[in-house]
Amino acid sequence: MARVAGGRFLLRIEDIDRQRSKPEWETRILDDLTWLGLTWDTPPMRQSDRLHTYASALDNLWARGLLYPCTCTRRDIAEAMAAPQEDVTFGPDGPVYPGTCRGTGRTGPRPADRHLRLDMAKAARHPLTFRETGTGAGEVTTTPAQYATEIGDIVLARRDFGTSYHLSVVLDDAEQGITHVVRGADLFEATRIHVLLQHLLGLPTPAYHHHALVRDTAGKRLAKRDDARSLSSYREAGWSPEAIRSILADGLTVP
């Protein structure tokens, strides 16, 4: 799609979670993509090389009073959600945070030993829109009320690696000059977060295309956590790159 539109195809290694990112896995990814016939126009960007950039953005948001520290564990949040008076709403990152730590102090320098959450009531002050060319094509607008109730106070920095997927990809897209983002429909709702961060940090908003997910013949999405077949397993079974590309182009369903 990038080259048909006269653009560049870029590769980014999203390796901020060092526990789930190993050099040998990156090597396998690059090898599989090369075998599939994909080439990229610049050397891959690695998020692990850009932690200073993410830290600077967090300092910016902290200084503006838009972040607060959070000590809640997953168990704490689950227990708060289990209270009889609580109605559980699910956002892009799971249950919408109930705001337990929202009133904690924000004085002094940004803490590095706790999660940092975005205070959505302060951050989302205006409706924001992005252009979608795939799933539900058209202009997609999110109001401040929707940000507060459907997304909530998301984590922008985890204490174990100092950033988050949302913050990192927004900054990386801007650094790489991304104009069109093509990704799975499971990230459609997360795009509303990314548009807000772009607004807060003064960054451009690309056009987005969310495509259908790759599924097996039973209709189940292919995911690592479900031990789905890897691309290398198809290679070992004798599949050709052309056959894989044809299946993906025809219907995004693989055996």
Once you measure Cβ to Cβ distances between cysteines in the chain, which Cys have no partner under 4.7 Å? CYS72
Value of Rg to Rh for the stretch 63-127 (Rh from inverse mean 1/r over Cα pairs, i.e. Kirkwood): 0.98
What spacing in nm lies between the two simple spin-label points modelled at GLU175 and ILE247, each 7 Å away from Cα in the Cβ direction? 3.5 nm
Of every Cα-Cα pair in the stretch 1-121, the percentage lying beyond 16 Å is 74 percent
At a Förster distance of 25 Å, what's the computed FRET efficiency of MET81 paired with VAL214, Cβ-Cβ distance as r, to 0.05? 0.20
Sequence order, the stretch 190-202: Karplus ³J(HN,Hα) from phi using 6.51 cos²θ - 1.76 cosθ + 1.60, θ = phi - 60°, Hz rounded, Gly and Pro as x, gives 5, 4, 4, 5, 5, 5, 5, 5, 4, 5, 5, 9, x
Could you work out, for the chain, what percent of all Cα-Cα pairs fall into each 10 Å distance bin, beginning at 0 Å and stopping at the bin that holds the largest distance? 6, 25, 34, 24, 9, 1, 0
What residue among THR34, TYR97, THR191 has its Cα farthest toward the positive end of the dipole of the chain, where the charges are +1 on Lys, Arg and -1 on Asp, Glu, each on the Cβ? TYR97
What ranking, highest mean first, results for peptides 97-109, 56-68, 187-199 when packing means the other Cβ atoms within 10 Å averaged over each residue? 187-199, 56-68, 97-109
MET81, MET120, MET1 arranged by Cβ crowding within 10 Å, fewest neighbours leading: MET1, MET81, MET120
Applied in sequence order to the stretch 65-74, the curve 6.51 cos²θ - 1.76 cosθ + 1.60 (Karplus, θ = phi - 60°) yields integer Hz couplings, x standing for Gly and Pro, of x, 9, 10, 9, x, 9, 10, 5, 8, 4
Magnitude of the Cβ-charge dipole of the chain, K/R +1 and D/E -1, about the Cα centre, nearest 20 debye? 380 debye
So how tilted is helix 51-63 from the main axis of the chain? Cα-based, degrees 0 to 90, rounded to 10. 30 degrees
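The numbers here are math on the coordinates, done by the rules we state, and not lab data. Small disclaimer: the values here were computed from a predicted structure and weren't measured. Backbone-built Cβ (ideal geometry, glycine too); neighbour counts: all protein chains shown.
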